[in-house]
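What follows is a short report on a single structure.
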Amino acid sequence: MTTSPSDGTVAKALDVLDLVAAHERPVRFSDLLDQSPFPKATLYRLLQTLVSQGMLSFDPERGVYSIGIRLVRLAHVAWQHSSLAPVARAHLDRLSEQVGETVHLAQLDNAQVLYVDKRNARDPVRMYSQAGKVGPAYCTGVGKAMLAFLPEAQLPAILAQQSWHRFTEKTLTTPAALRAELAAIRARGHAFDDEEHEPGIICVAVPILSSGGSVLGALSITSTTARTDLAALDALAPELRAIARTIGAETETWRFPEEIAHHSRKRA
């Protein structure tokens with residue numbers, strides 16, 4: 001949680017929403033209280049307000065809180081208007097059909113990776129990622145692809161928020177090691193996940209950039225060491241970069257049609 005003493009009720013309520021959502025299942029008041037920085041009375045008041053506003057729901061028979069319908073509706077609208085998913089959907093469908101492997105679309109959520117959309121392989125593989133789930137940036141292909149192309153001024157704050165947990169023997173666990181990897185990614189234009197987050201899971205990933213070079217998201221093709229290797233995934237990078245460029249251009253037109261048209265007229 002990030003609430004400071006100077007934050008108001010809205011910030012505290014948002015922290016409570018985060019706490020409920022983090023459980024990924026209905027949760028009891030006692031469990032929330034164990035993890036909350038708020039006093040019992042404050043937490044109860046915040047929960048009651050969120051329930052009355054439809055942001056949370058409460059099951060009196062089971063005594064549990066869960067995400068409310070109003071929040072689900074708002075999340076759906078935000079997904080449609082703010083994420084890359086609506087623009088990229090058709091491109092993900094075609095890429096998935098072409099390669100037959102798992103395809104991920106991701107964006108940065110503060111210092112972490114938010115999986116925005118996913119297409120499963122023809123022969124599905126069990127892995128951590130799911131659309132709507134948040135994962136680490138420092139040891140995933142999509143995460144490293146985005147970090148590599150961020151402005152240098154943004155990197156220190158983002159690296160300071162990484163956990164540096166060693167998920168596998170190949171996980172990079174220091175800022176210095178990651179910075180060296182990010183330099184290599186910038187040089188070749190794409191990133192790899194070489195079993196850094198999950199054993200046996202490998203991927204190639206590329207950033208999705210705006211025309212000005214701003215990071216909009218990332219796209220990846222993921223497989224397993226039992227099916228392929230990094231050399232085979234590396235061969236898919238040029239096609240992946242081409243699709244990412246198309247998504248980036250279409251995203252700009254979709255998000256900012258008036259600005260795009262204005263700049264086009266000025267150039268003409």
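The values are calculated or read from the model by the stated rules, or taken from the named source; none is laboratory data. Remember, it's a predicted structure, so these values are computed and weren't measured experimentally. All Cβ positions, even for glycine, are placed from backbone atoms using ideal geometry, and neighbour counts span all protein chains on display.
Please state which one of Thr140, Thr102 is closer than 25 Å to Ala232 by Cβ, of a type in the set (Ser, Thr, Tyr), touching an Asp or Glu at 6+ places or on another chain (Cβ under 8 Å) and crowded, with 16+ Cβ neighbours inside 10 Å. Full working, then the answer.
Numbers: Thr102 fails: touching an Asp or Glu at 6+ places or on another chain (Cβ under 8 Å).
It is Thr140.
Right, Ser83: hydroxyl-bearing (Ser, Thr, Tyr) and at pLDDT below 90 or not? Break it down into steps so the answer makes sense when it comes.
Details: hydroxyl-bearing (Ser, Thr, Tyr): yes; at pLDDT below 90: yes.
It is true that Ser83 is hydroxyl-bearing (Ser, Thr, Tyr) and at pLDDT below 90.
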Next item on the list: Would you be able to tell me the number of residues in the stretch 26-51 that are loosely packed, with under 14 Cβ neighbours inside 10 Å, of a type outside the set (D, E, K, R) and touching a residue at least 12 places away in the same chain (Cβ under 8 Å)?
Entry: 2
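Would the stretch 215-227 turn up any residue that is of a type outside the set (Lys, Arg), in a helix (DSSP H, G or I) and within 16 Å of Gln107 (Cα to Cα)? Don't jump to the end; show me each part of the working.
Taking the stretch 215-227 first, the residues of a type outside the set (Lys, Arg) are 215-226.
Remaining after also requiring in a helix (DSSP H, G or I): none.
No.
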